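In what follows, a structure is listed as structure tokens, so that the remarks can point back to it.
The values are calculated or read from the model by the stated rules, or taken from the named source; none is laboratory data. A quick note: this is a predicted structure, and the numbers were derived from the prediction, not measured. Don't worry about glycine lacking a Cβ; one is built from the backbone with ideal geometry, like all the others, and counts go over all protein chains shown. Side chains are part of the model used for accessible areas, which takes the heavy atoms of the whole protein and leaves out ligands, DNA and RNA. Shrake-Rupley method; radii C 1.70, N 1.55, O 1.52, S 1.80 Å.
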Amino acid sequence: MNDIYAEAWKAVEAAGRTPRADGTSPASIRPLFAADPKRFERYSFSADNLLLDISKTSIDEGAMAALLNLARAAKVEEWRSGLSEGALVNATERRRALHMALRAPSGSTTGAGGAAVQAEIQATFARMHAFTQAVHGGAIRGATGERFTHVLNIGIGGSDLGPVMATRALINPASPMVALHLGNVDGHGWRALLATMDPKRTLVLVSSKTFTTQETMANARLVKGWLAETLGEAGAASHMAALSTNLVACAEFGIPSERVFPFGDYVGGRFSLWSAIGLSLALALGWDTFQRMLAGARAMDLHFLKAPLEKNLPVLLALVEVWHVNALGYSRRAVLPYDERLRRLPAHLQQLEMESLGKRVTLEGAPVGRATGPVVFGEPGTSAQHSFMQLVHQGTEPVPVDFILIARPDHPWAENHRILLANGLAQAEGLLSGKDEATVRAEMEKAGADAATIERLLPHRIFPGDRPSTSILLPRLDPFSFGQLIALYEHKVATLGALWGINPFDQWGVELGKQLAGPLLKELELGEPATGAHDSSTEGLLRELLRLRDEG
Ligand SMILES: O=P(O)(O)OC[C@H]1O[C@](O)(CO)[C@@H](O)[C@@H]1O
């Protein structure tokens, strides 16, 4: 850690501890609005039609200066250029992170990853496009001659969450195909899906970067067997395609090379929705929708690469996170999209952010020495208001919230949309303003409550306020704005990697569980725990599960 970087961190952390010149707490937000009628104008920023409002945080001029100084000390500008030019930013796996190259139109140079990478990407896109057209046009059909009406994406983590989220967000009622998803290895999910599918009309995409993931391969074998029951072995093979970097494993599984859509190891799982992993989207939503989504992400890429740090939306979102996590000690963040179509966004962000930023050592392997990625959770509004927002308003630790609001709906029920937006705005307003003792008392007196009731209920009815939120506004939810939104969060995550000095592109933390599952699977097969192989709790639970299973 160099001195400039260490000093910059000290300044940010000190800003979070030190009262402001007017004596107010650095965590308070209301005084900032009281002092500056132009706070919204000053602290809201836009890229194309996407608006980011960070005014409802406690960042003031001094805090912002310290945060921007940290961004410079952490060399965020150099880092973003390295990312786009194919530096080995994923140092622990000695890989590049070239998801931006997937969004670069053919012939472009900025963020395109170089000619060789572009050639690979464009060749796969051309094949995906031709395949999509052939399936939609009926040139590629099922083994019995029927057209494909359903596309089933089998994958997990990044090979599932992105496609599921985008399918729900951009649903196209006129599409010739329905997308289905099988992620978890739990057979109950498969049983629920079975009822909705006809093997003669179902095209199966096995989506796996590595093509070795235990759950995905188990599901792929299950589905292959199900297809073969009706169509025979050869028929089953003609209903399958693979999206992967591991061409050898795809061939071993029996998927011919013309049905394998590859991508490079420079695309991380949680950044892979823009690659061949997006084939289910092209099939279910249409090629144009897929392209518009890439164009939206590309617009955000160019903004991220070119905008100065102080107006750069992903950088500002990252700095807000640092302010909350490191200066103020908030360890959680909630994401509330006020749009039912974005209901899988929180799940996607959980992987994107927590798999990327759940790290305790720096790139050099030393302890980070400060908190890194917060716990991220969320649910669409208004439903979230009736579940966890109680804790956000009145719990002990402030939970910063991302509110995502869409101005124009794609349905005709204007009143419902007004209710939705009013609630989204009200939540953010209420978190900021709270409700003080005098107001609660006056309200209760007006409602005719007696003095004893007022005293008893007063503490329960007070809202502390000064609870932070950021708001993201989109004019409409369409493929372009959806692409912008997801890329905004991707670049925020990359920037946080640079600010914390960690690798946001590896995920060693998921390996241990995978390793330990192997021997346990064997023991479940044999029906006998290996004595002394586990701690007494694991062994005890395994014995009990076996007993209950075998009793039934
Ligand atoms: O696409 P694959 O290789 O099947 O991996 C699925 C997921 O598993 C992980 O490696 C770990 O959970 C994720 O990063 C990845 O998205």
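Check cross-link reach from LYS38 to the aspartates and glutamates: straight Cα distance under 20 Å, and skip same-chain residues fewer than eight apart. Straight-line reach from LYS38, under 20 Å: ASP22, ASP53, ASP60, GLU61, GLU310, GLU429, ASP466.
The length gained on full extension between ARG30 and GLU146, counted as 0.36 nm times the residue separation minus their Cα-Cα distance, comes to 35.4 nm. Using only the Cα atoms of region 509-551, build the gyration tensor, take square roots of its eigenvalues as a ≥ b ≥ c, and label the shape rounded, prolate or oblate: rounded if a/c is under 1.5, else prolate if a/b is larger than b/c, else oblate. Prolate, because a/c is 1.5 or more and a/b exceeds b/c.
Legend: residue pairs LYS10/LYS56; LYS56/LYS306; LYS75/LYS209; LYS10/LYS514, Cα-Cα distance threshold 29 Å; pairs beyond threshold, LYS75/LYS209; LYS10/LYS514. The residues of the chain expose, per residue, 43 Å² of accessible area to a 1.4 Å probe. Note on ARG94 and ALA530: their simple-model spin labels are 3.1 nm apart, each label 7 Å out from Cα toward Cβ. Building the convex hull from the alpha-carbon atoms of region 4-50 and averaging its projection over directions returns 5.1 nm².
Ranked by the mean number of other Cβ atoms within 10 Å of their residues, highest first, the peptides 136-146, 389-399 come out as 389-399, 136-146. With Cα atoms as the point set, the radius of gyration and Dmax of the chain evaluate to 25.6, 81 Å. Per-residue surface analysis assigns ARG344 an accessible area of about 90 Å², computed on protein heavy atoms at 1.4 Å probe radius.
With Cα atoms as the point set, the radius of gyration and Dmax of region 194-254 evaluate to 11.3, 33 Å. Under conditions of 37 °C and 0.692 mPa s, region 301-342 yields 270 µm² s⁻¹ as its translational diffusion coefficient, taking Rh as the Kirkwood radius over Cα pairs in the Stokes-Einstein equation. Between helix 437-446 and the chain there is an angle of about 90 degrees, using the helix long axis and the longest principal axis of the Cα atoms.
Could you work out the mean projected area of the convex hull around the alpha carbons of region 28-178, in square nanometres to one decimal? Working shown, then result.
On the way: hull surface 58.5 nm².
So the Cα hull casts an average projection of 14.6 nm².
Taking the longest Cα principal axis of the chain as reference, the axis of helix 536-551 is set at about 50 degrees.
Candidates GLN385, LEU50, LEU70 compared by Cα position along the dipole of the chain: farthest toward the positive end lies LEU50, with charges placed on Cβ. If R₀ is 60 angstrom, what is the calculated FRET efficiency for the pair LYS311 and ASP450, using the beta carbon separation as r and rounding to 0.05? Efficiency, from the Cβ-Cβ distance: 0.65.
Counting only alpha carbon atoms, the long axis of helix 451-461 and the longest principal axis of the chain meet at about 50°. Each Lys and Arg contributes +1 and each Asp and Glu -1, all at the Cβ; summed about the Cα centre of the chain, the dipole is approximately 880 debye. The order of HIS411, HIS386 by accessible area, most exposed first and with a 1.4 Å probe, is HIS386, HIS411.
A straight Cα-to-Cα reach below 16 Å connects LYS224 with the lysines LYS200, residues fewer than 8 places away in its own chain not being considered.
Report the extension gain between SER175 and LEU512 in nm, rounded to one decimal, defined as 0.36 nm multiplied by the number of residues separating them, less their alpha carbon distance.
Gain in length upon complete extension: 117.2 nm.
Projecting the Cα atoms of THR124, LEU352, VAL164 onto the charge dipole of the chain (Cβ charges, centred on the Cα centre) puts THR124 farthest toward the positive pole.
With Cα atoms as the point set, the radius of gyration and Dmax of region 438-505 evaluate to 22.8, 60 Å.
Comparing Cα centroids, region 474-488 and region 1-75 end up 26 angstrom apart.
In the chain, a dipole from Cβ-located charges (positive for Lys and Arg, negative for Asp and Glu) runs towards its positive end, and of LEU205, THR109, LEU458 it is THR109 whose Cα lies farthest in that direction.
In this simple spin-label approximation, GLU77 and ALA6 carry label points 7 Å from Cα along the Cα→Cβ vector, and these lie 2.5 nm apart. Averaging the Cα positions of each part gives two centres, and for region 79-144 and region 162-217 these lie 22 Å apart. Distant-in-sequence amide contacts of ASN153, defined by a placed amide H-H separation under 5 Å and a gap of 5 or more residues or a different chain, comprise LEU180, HIS181, LEU182, LEU205.
How big is the gap, in Å, between the Cα center of region 268-327 and the Cα center of region 388-465? Distance between centres, Cα-based: 32 Å. Name the shape class, rounded, prolate or oblate, that the alpha-carbon gyration tensor gives for region 119-201, where a ≥ b ≥ c are the square roots of its eigenvalues, rounded holds for a/c under 1.5, and otherwise prolate holds if a/b is larger than b/c and oblate otherwise. Since a/c reaches 1.5 but b/c is at least a/b, the shape of region 119-201 is classed as oblate. Leaving out ligands, DNA and RNA, what percent of the accessible area of the chain is carbon and sulfur, probe 1.4 Å? Summing carbon and sulfur atoms, their accessible area is 56 percent of the total for the chain.
Counting only Cβ charges, +1 for Lys and Arg and -1 for Asp and Glu, the dipole size of region 99-293 around its Cα centre is about 320 debye.
Stretched out straight at 0.36 nm per residue, the stretch from ASN49 to LEU520 would grow longer than its current Cα-Cα span by 164.4 nm. In region 99-293, Rg over Rh equals 0.94, where Rg is the alpha-carbon radius of gyration and Rh the Kirkwood radius from pairwise Cα distances.
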